[in-house]
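**Student:** One structure, as structure tokens, below. Some questions next.
What follows is calculated from the coordinates using simple rules that are stated; it is not laboratory data. Treat the numbers as computed from the prediction; the structure is a model and nothing was measured. Reconstructed Cβ throughout: ideal geometry from the backbone, glycine too, with neighbour counts over all protein chains shown.
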Amino acid sequence: MLQTGEDVSAEPEVTMMRCMKSSEAAQTAYQDVAHQLEVDCYVGLSEYEVSQRRRNHGFNEFDIADDEPLWKKYLGQVVDYVFC
């Protein structure tokens with residue numbers, strides 16, 4: 001029951017999500033990663049949860065230096081693989 005003056009539009013209490021390095025996640029079963037990051041793989045995140053995680057952790061982006069063209073990096077990997 002609402003108390004007088006209680007804000008009904010207040011968002012649910014937010015708890016901090018555990019962070020995980022990509023190297024750790026790569027060696028862990030996806031079910032365990034999902035559990036640790038508090039996400040349901042079949043349902044996903046609510047819009048509210050997405051906005052909270054973006055606010056706290058930023059967008060899921062990589063910093064890429066423009067010092068070497070992508071085609072050159074790819075070619076270097078192929079050459080290294082073929083001539084090893």
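**Student:** Roughly speaking, what is the stretch gain from residue 59 to residue 75, that is 0.36 nm per residue apart minus the C-alpha to C-alpha distance, in nm to one decimal?
**Tutor:** Residue separation times 0.36 nm, minus the Cα-Cα distance, leaves 2.8 nm.
**Student:** With +1 assigned to the C-beta of every Lys and Arg and -1 to the C-beta of every Asp and Glu, and no other charges, what is the dipole magnitude of segment 13-60 about the Cα centre in debye, to the nearest 20?
**Tutor:** In debye, rounded to 20, segment 13-60 gives about 240.
**Student:** As I understand it, the dipole of segment 13-60 uses +1 on the Cβ of Lys and Arg and -1 on the Cβ of Asp and Glu, about the Cα centre. Which of 43, 25, 59 lies farthest toward its positive end?
**Tutor:** 59
**Student:** Find how much the distance from residue 49 to residue 68 grows on full extension, using 0.36 nm per residue of separation minus their present alpha carbon separation; answer in nm with one decimal. Before the final figure, lay out the partial values.
**Tutor:** Working: separation 19, 0.36 × 19 = 6.84 nm, distance 3.64 nm.
Extra length from residue 49 to residue 68 when fully extended: 3.2 nm.
**Student:** Using the Cβ atoms and a cut-off under 14 Å, what net charge is assigned to the surroundings of residue 61, where Lys and Arg are +1 and Asp and Glu are -1? Please list the in-between numbers first.
**Tutor:** On the way: positive: 53, 54; negative: 63.
Here the charged neighbours net out to +1.
**Student:** Let me ask something additional. I want to check the label-to-label distance for residue 26 and residue 41. Put each point 7 Å from Cα in the C-beta direction and report it in nm to one decimal.
**Tutor:** Each label point lies 7 Å from its Cα, and together they span 1.9 nm.
**Student:** Within 13 Å, Cβ to Cβ, of residue 25, how many net charges do the neighbouring residues add up to if Lys/Arg are +1 and Asp/Glu are -1? Walk me through the numbers before you get to the answer.
**Tutor:** Values: positive: 18, 21; negative: 24, 32.
The answer is 0.
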